[in-house]
1. Could you check the simple spin-label distance between A20 and Y198, using points 7 Å along Cα→Cβ, in nm with one decimal?
2. Through the Karplus equation 6.51 cos²θ - 1.76 cosθ + 1.60, θ set to phi - 60°, convert the phi angles of the range 63-76 into ³J(HN,Hα) values in whole Hz; use x for Gly and Pro.
3. How far apart, in nm, are two points set 7 Å out from the Cα along the Cα-to-Cβ line at A112 and at R61?
4. Using a simple spin-label model with points 7 Å from Cα along the Cα→Cβ vector, what separation in nm is obtained for D124 and I27?
5. Rolling a 1.4 angstrom probe over the protein chains, ignoring ligands and nucleic acids, what is the accessible area of M68 in square angstrom, nearest 10?
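The values are calculated or read from the model by the stated rules, or taken from the named source; none is laboratory data. Since this is a predicted model, take the numbers as computed values, not measurements. All Cβ positions, even for glycine, are placed from backbone atoms using ideal geometry, and neighbour counts span all protein chains on display. Only protein heavy atoms, including side chains, enter the accessible area calculation; ligands, DNA and RNA are left aside. Shrake-Rupley method; radii C 1.70, N 1.55, O 1.52, S 1.80 Å.
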Amino acid sequence: MRAFQMYQQSEGSLLASYAARMGESIIRRRAELEIRAARAEAEVAIKARSEFLANMNHELRTPLNAIMGFAAMLREGDEFNLTNERRDEYAEYILQSADLLLGHINTILEVAALESGGVELHNDVIDLNDLLDDAIERAVVRSDAAGVVIERRGSEDDLIGWGDAARAGQAIDHLLQCAVNACGEGGRILARAGFDEYGQPEIAIRDEGEGLSEDQIASALNAFSEVHRGLDRAFSGPGVGYAIAKTFIELQNGSFQIRSRKGRGTLVRVSLPKPVANAGDEHSMVSEESGESANAA
């Protein structure tokens, strides 16, 4: 009997030792896998940042070279016998290039802020009609230069949302820029402010470009990816517009939807939460309602 008890104790000790060694092995294996995954993710991030910076290098140099070239010709206008009409034309080129350069610089700063987590929000009541009108006014210079028409539609009353007007405006700026890039000369963009099927105030922007596949949409929503459309495409920027717009909207508890079909263009719909009506705290918002609407959409 005593021998049997000693055998049981010995067997239990062996099992406990085996279980402990197995547990340590599993922990080490899990740690190794996590390290490998973190290393792979870091390598992908480094490569993506390198590609992003390489693209931005081209994007910054192109408008800057145009500004310097046309400015030099204006300075030496007498030598080139420039007419007043030609001077005005060159000045317009400089303004367009400066606007493009400023847009790229803002994009770099926005990406840096998002990467560092340094985005600050100052929430308040936002009129979505004013938000869209202001964004279209800012986009006109670029759309005119590209030969693209922006049609404004919808003007319902009480299109009020809650969020940071500056960040929401930047999101709409990027969506309009993406739409302009997607359209060829003679293209059209439809921009509408109204209510969605759930009564949520929204802004919808639709372009008549060639459209995106599901894989291209997924790539475009990656802040450091660029959607390539082939060797004959126009170089249209680093492709971070959709990603930045989506991030800015979702940081404000808003909803971001993008739909596209090859040959049919792209539609983006964004909405912000509604302010609480007759609430004691003017800076509160209907988080549950906005969350349900975003999920339902």
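1. Here the modelled spin labels are 5.5 nm apart.
2. x, 5, 4, 5, 4, 5, x, 6, 5, 5, 5, 5, 5, 9
3. 2.0
4. Distance between the two pseudo-spin positions: 5.4 nm.
5. Rounded to the nearest 10, the figure is 120 Å².
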